[in-house]
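Asks: Got a structure for you, written out below as C-alpha cells; questions coming shortly.
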C-alpha cells in the first residue's frame, strides 16, 4: 500500500525517481525509491517524513490503508488533461476519502447503504431510453419533477462520498468505486471547486450517470454523449420543462434562457441543448444558436449564478464536516485532530467550539460572571 501511494504522489508531482531522490532530506538514492515503490523495502521514519515534505503529502496519505484502490475511474476532463493532472486528482480524492473513512470509524457509523447500485443497468440503446432512466431514478428517489436544490446533499444521502476540491484546471470531476480491505465497496464522486455552480451540478449529474447507466449498447450513441444526456434529463425533466416553456417554440429569447438556467441550476449551453432534446426548439434553431449568439457559452458561462446566491448557496458537500463536528462535540477527537481533518486553522476551530464568549466579552477577565443574563420564561 505504501509503495502504491508513494508512486501516485510522485506521478502527481511529475517527478522521476531520480528527481524525487534529489529532493528528499535526508538523502536517498533512486534505487531506494524504486524499492519503496515495489514494496521491497520501507523507509526509516526520518526518510518517510522527508518524502512527505518533498511530495507535499501527509503521512496519513502515505501510510493509511483504508482505501486499497480506486476502481472504474471515470474522469470529466478537458481533452488536453495530462497524466499528471489525473494523478494529482486521484491523489486528492484518496486523501479526502481516507479522512472520510477515518471519521466514520471514529464515530463507529454503520456502513452507508448504496442506493445507487440497485438502480444500475448494463447499458442503453436510445436517447429516449436515457431520458426514461433519468425519470425512473427521480421516481425511485421520490424527487418529483421540481429542480433539485442540492445534488451534493442528494448524493450523500444515497450513500455516495462527495468531495469538492481545487483540482487541476483541466479536470472538472471524477467518479469511481472505492475498494476497501474487508469492507463493502463505496461509491465516490469528486468535483472541482474552480468551476461555476452550473457546471458543478452538471458534472455531479454526469458522474452519477456513470454509476447508473454505465455504458451504451448502440454504436450510434457515444458514452460521454449519453452521460451528458442523462445529466440534462435528470436536472431538467422534460415534462416540467414543457410546462414551463411550452411544447413547441420557433425561438427562445436570451432572457428566457438565463431565467431557465437559474431556475434549474444548469449552464446556458446545457439549457439550450435540453430545449432541443425535448423538442421545444427545432434542431436547426439549436445549431444556429451555437454558431451565433451562443458560440462562446461552452467556454464562458453567461451571467453565472453569483457565489452565495440561489443554488450556489447550497451546492456543496456537508456530510464530512458535520461528522467531524459531531465527533468533536462528543470528545472523540481533539481540536487539533479536527483542525487536521478539516484542514482549517486551530484557532478557527477553537472559536467555533467556544462561540462569542471566547472573544473575551467580560472586560478582559477570563471568568464567567456569576449571574447569567435574564432569559424570558417560555
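Asks: Filter the range 123-139 down to the residues that are free of Cβ contacts under 8 Å to residues at least 12 places away in the same chain and under 25 Å from residue 263 (Cβ atoms), then identify the one that is surrounded by the most Cβ atoms within 10 Å (Cβ to Cβ).
Replies: It comes out as 132.
Asks: Could I ask something else about it? For the range 81-92, give me each residue that is assigned to a helix (DSSP H, G or I), out of contact with any helix residue (DSSP H, G or I) (no Cβ under 8 Å at 6 or more places or on another chain) and more than 19 Å from residue 2 (Cα to Cα).
Replies: Filtering the range 81-92 for residues assigned to a helix (DSSP H, G or I) gives 83-92.
Those still in the list that are out of contact with any helix residue (DSSP H, G or I) (no Cβ under 8 Å at 6 or more places or on another chain) too: 85-86, 89, 92.
Those that are assigned to a helix (DSSP H, G or I), out of contact with any helix residue (DSSP H, G or I) (no Cβ under 8 Å at 6 or more places or on another chain) and more than 19 Å from residue 2 (Cα to Cα): 85, 86.
Asks: Moving to a separate point now. Out of the residues in the range 278-303 that are surrounded by 18 or more Cβ atoms within 10 Å (Cβ to Cβ) and under 30 Å from residue 188 (Cα atoms), state the one that is nearest to the chain's Cα centre (by Cα).
Replies: Filtering the range 278-303 for residues that are surrounded by 18 or more Cβ atoms within 10 Å (Cβ to Cβ) and under 30 Å from residue 188 (Cα atoms), the one nearest to the chain's Cα centre (by Cα) comes out as 301.
Asks: Would the range 62-80 turn up any residue that is within 25 Å of residue 341 (Cα to Cα), out of contact with any strand residue (DSSP E or B) (no Cβ under 8 Å at 6 or more places or on another chain), touching a residue at least 24 places away in the same chain (Cβ under 8 Å) and not in a loop (DSSP other than H, G, I, E, B)?
Replies: Within the range 62-80, the subset within 25 Å of residue 341 (Cα to Cα) is 62-71, 73.
Narrowing the set further to residues that are out of contact with any strand residue (DSSP E or B) (no Cβ under 8 Å at 6 or more places or on another chain) leaves 62-65.
From the residues that got through so far, the ones that are touching a residue at least 24 places away in the same chain (Cβ under 8 Å) too are 62-65.
Filter once more, so that each one left must be not in a loop (DSSP other than H, G, I, E, B): 62-63.
Yes; the residues of the range 62-80 include at least one that is within 25 Å of residue 341 (Cα to Cα), out of contact with any strand residue (DSSP E or B) (no Cβ under 8 Å at 6 or more places or on another chain), touching a residue at least 24 places away in the same chain (Cβ under 8 Å) and not in a loop (DSSP other than H, G, I, E, B).
Asks: Scan the range 329-352 for residues that are touching a helix residue (DSSP H, G or I) at 6+ places or on another chain (Cβ under 7 Å) and under 21 Å from residue 96 (Cβ atoms) and jot them down.
Replies: Scanning the range 329-352 gives 332, 333, 335, 336, 338, 339, 341, 342, 345, 346, 349.
Asks: Something else about it: Applying the selection to the range 140-165, what residues are free of Cβ contacts under 8 Å to residues at least 40 places away in the same chain and either assigned to a loop (DSSP other than H, G, I, E, B) or touching a strand residue (DSSP E or B) at 6+ places or on another chain (Cβ under 6 Å) (or both)?
Replies: 141, 142, 143, 144
Asks: Restricting the search to the range 98-117, which residues are in contact with a strand residue (DSSP E or B) (Cβ under 9 Å, 6 or more places away or on another chain) and assigned to a loop (DSSP other than H, G, I, E, B)? Break it down stepwise before answering.
Replies: Applying the first criterion (in contact with a strand residue (DSSP E or B) (Cβ under 9 Å, 6 or more places away or on another chain)) to the range 98-117 yields 100-101, 111-112, 114-117.
111, 112, 114, 115, 116 - these are the residues of the range 98-117 that are in contact with a strand residue (DSSP E or B) (Cβ under 9 Å, 6 or more places away or on another chain) and assigned to a loop (DSSP other than H, G, I, E, B).
Asks: Can you find, within the range 213-230, the residue that is modelled with the lowest pLDDT among those that are over 20 Å from residue 79 (Cα atoms) and buried (at least 19 other Cβ atoms within 10 Å of the Cβ)?
Replies: Only one residue fits best here, namely 216.
Asks: Go through 207, 165 for me and flag whichever is at pLDDT below 90, under 26 Å from residue 310 (Cβ atoms) and within 16 Å of the chain's Cα centre (by Cα).
Replies: Matching residue, one of 207, 165: 207.
Asks: Does any residue of the range 45-53 turn out to be assigned to a loop (DSSP other than H, G, I, E, B) and either at pLDDT 90 or above or in contact with a helix residue (DSSP H, G or I) (Cβ under 9 Å, 6 or more places away or on another chain) (or both)?
Replies: The answer is no, given that none of the residues of the range 45-53 is assigned to a loop (DSSP other than H, G, I, E, B) and either at pLDDT 90 or above or in contact with a helix residue (DSSP H, G or I) (Cβ under 9 Å, 6 or more places away or on another chain) (or both).
Asks: Would you confirm whether or not the range 23-32 contains a residue that is under 27 Å from residue 180 (Cα atoms), without any contact (Cβ under 8 Å) to a residue 24 or more places away in the chain and touching a helix residue (DSSP H, G or I) at 6+ places or on another chain (Cβ under 8 Å)? Don't jump to the end; show me each part of the working.
Replies: First, the residues of the range 23-32 that are under 27 Å from residue 180 (Cα atoms): none.
Checked against the condition, which is being under 27 Å from residue 180 (Cα atoms), without any contact (Cβ under 8 Å) to a residue 24 or more places away in the chain and touching a helix residue (DSSP H, G or I) at 6+ places or on another chain (Cβ under 8 Å), the range 23-32 yields no hits at all.
Asks: For the subset of the range 169-204 comprising residues that are out of contact with any strand residue (DSSP E or B) (no Cβ under 7 Å at 6 or more places or on another chain), at pLDDT 90 or above and part of a loop (DSSP other than H, G, I, E, B), which member is farthest from residue 84 (Cα to Cα)?
Replies: Among those residues, the one meeting the criterion is 196.
The values are calculated or read from the model by the stated rules, or taken from the named source; none is laboratory data. Everything numeric here is computed off the predicted structure, so don't read it as measured data. Don't worry about glycine lacking a Cβ; one is built from the backbone with ideal geometry, like all the others, and counts go over all protein chains shown.
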